[in-house]
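Worksheet: the structure to be examined is printed underneath.
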Amino acid sequence: ETLYNELSSPRRVRLHRRVADAIECLTQNMPNPPLAELAYHFSQAASAGAVDKAIDYATRAGDRAADGLAHEQAARLFDVALHSLEFKPTGPETELRRVDLHTRRARSFEALGQWTLEVRELDAALHYLDPKQVERRCELVLALAQAWFLLLDLRPVEQYATEALQLAEGLQRSDLAANAIAWLARCRQANGDLSAALALDRR
């Protein structure tokens with residue numbers, strides 16, 4: 001560790017790239033390659049042309065961790081991918097990837113019951129989302145309604161559920177519309193208006 005800290009930044013990057021290439025070569029035929037290790041070393045070398053591999057391995061490692069219910073590790077790995085993404089030129093493809101990674105992190109935090117962090121990631125995903133992706137926006141807004149409900153704050157639940165309902169009706173997506181109506185019903189129920197809640201549930 002002492003020797004490592006004495007290395008110059010360019011040399012560290014070169015060494016990480018060599019280690020990453022070596023691990024990749026040695027494990028290319030393995031059914032379960034060490035994705036997290038590959039993600040780490042390629043991400044440390046992202047500034048030296050390894051950015052695509054860094055993002056790919058970190059995303060795959062995060063998905064594997066999430067599948068194994070290691071959601072904290074998954075969130076950390078998706079963050080590694082997001083930091084590596086900073087070395088990509090801005091553009092529609094980069095922004096689409098950023099939305100996807102923030103959404104994956106949000107799911108990890110949802111699974112952990114860390115709804116404040118989930119809201120932060122969903123807000124970030126919405127920030128980078130292309131306005132033309134109306135269906136994706138509707139799904140993200142519904143996720144925000146749920147997260148705020150779990151945080152016991154009804155004002156944003158009503159706000160996001162109302163927006164989601166308008167978007168869903170415009171898309172003619174009855175499933176998304178039903179989810180939005182259900183969240184509006186929960187708001188009425190929580191406010192003590194049971195007849196309105198029942199009417200919305202029937203709707």
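The values are calculated or read from the model by the stated rules, or taken from the named source; none is laboratory data. The structure presented is a predicted model; accordingly, all values stated were derived computationally and were not measured. For neighbour counting, all protein chains shown are included, and Cβ atoms are generated from backbone atoms with ideal geometry for every residue, glycine included. Note: accessible area is taken over every heavy atom of the protein model, side chains too, but ligands, DNA and RNA are not part of it. Shrake-Rupley method; radii C 1.70, N 1.55, O 1.52, S 1.80 Å.
Leaving out ligands, DNA and RNA, what percent of the accessible area of region 1-143 is carbon and sulfur, probe 1.4 Å?
The computed percentage sits at 52.
Between helix 134-150 and the chain, what is the angle of the helix's C-alpha long axis to the longest principal axis, kept within 0 to 90° and rounded to the nearest 10?
Orientation of helix 134-150: about 80 degrees from the principal axis.
Considering only the other residues whose Cβ falls under 11 Å of the Cβ of ASP201, what net charge follows from Lys and Arg at +1 and Asp and Glu at -1? Could you put the intermediate results ahead of the total?
Numbers: positive: ARG186, ARG188, ARG202, ARG203; negative: none.
The answer is +4.
What is the sum of charges, Lys and Arg at +1 and Asp and Glu at -1, for the other residues whose Cβ falls under 11 Å from the Cβ of VAL119?
Around VAL119, the surrounding residues sum to -4.
Given Cβ point charges of +1 (Lys, Arg) and -1 (Asp, Glu) and nothing else, what value in debye, to the nearest 20, does the dipole of region 1-102 about its Cα centre take?
Its charge dipole is roughly 320 debye.
Can you pull the one-decimal nm distance between simple spin-label points at ARG155 and ALA190, each 7 Å off the Cα toward Cβ?
Calculated label separation equals 1.3 nm.
Over the chain, average the accessible area per residue using a 1.4 Å probe and give it in Å², no decimals.
The answer is 57 Å² per residue.
Per-residue counts of other Cβ atoms within 10 Å, averaged by peptide: what ranking do you get for 154-162, 130-138, 177-185, highest first?
Most protected by this proxy first, the peptides run 177-185, 154-162, 130-138.
Pop out the carbon and sulfur fraction of the accessible area of region 145-188 as a percent, whole number, probe 1.4 Å.
53
I'd like the per residue volume of the convex hull spanned by the Cα atoms of region 1-86, given in cubic angstrom.
Each residue corresponds to 96 Å³ of Cα convex hull volume.
Per DSSP H run of n ≥ 4, the term is -39500 (n - 2.57); total these for the chain, divide by its residue number, and report the mean residue ellipticity at 222 nm rounded to 500 deg cm²/dmol.
Rounded to the nearest 500, it is -26000 deg cm²/dmol.
Report, to the nearest 10°, how far helix 92-112 tilts away from the longest principal axis of the Cα atoms in the chain, using its own Cα long axis and a range of 0 to 90°.
Compared with the principal axis, the helix lies near 70 degrees.
Counting only other residues whose beta carbon sits under 10 Å from that of ALA20, what net charge do I get with K and R as +1, D and E as -1?
Summing Lys/Arg as +1 and Asp/Glu as -1 gives 0.
How far apart, in nm, are two points set 7 Å out from the Cα along the Cα-to-Cβ line at ASP201 and at TYR128?
Between ASP201 and TYR128, the label points sit 4.0 nm apart.
List the extent of the Cα atoms of region 130-181 along each of their three principal axes, largest first, rounded to whole Å.
Computed over region 130-181, the largest-to-smallest principal extents equal 29, 23, 13 Å.
Can you report the principal axis dimensions of the chain using only the alpha carbons, biggest first, rounded to whole angstrom?
69, 34, 31
Please report, in whole Å, how far the alpha carbons of region 67-155 spread along each principal axis, starting with the longest.
Each principal axis gives a Cα extent; for region 67-155 these are 39, 32, 18 Å.
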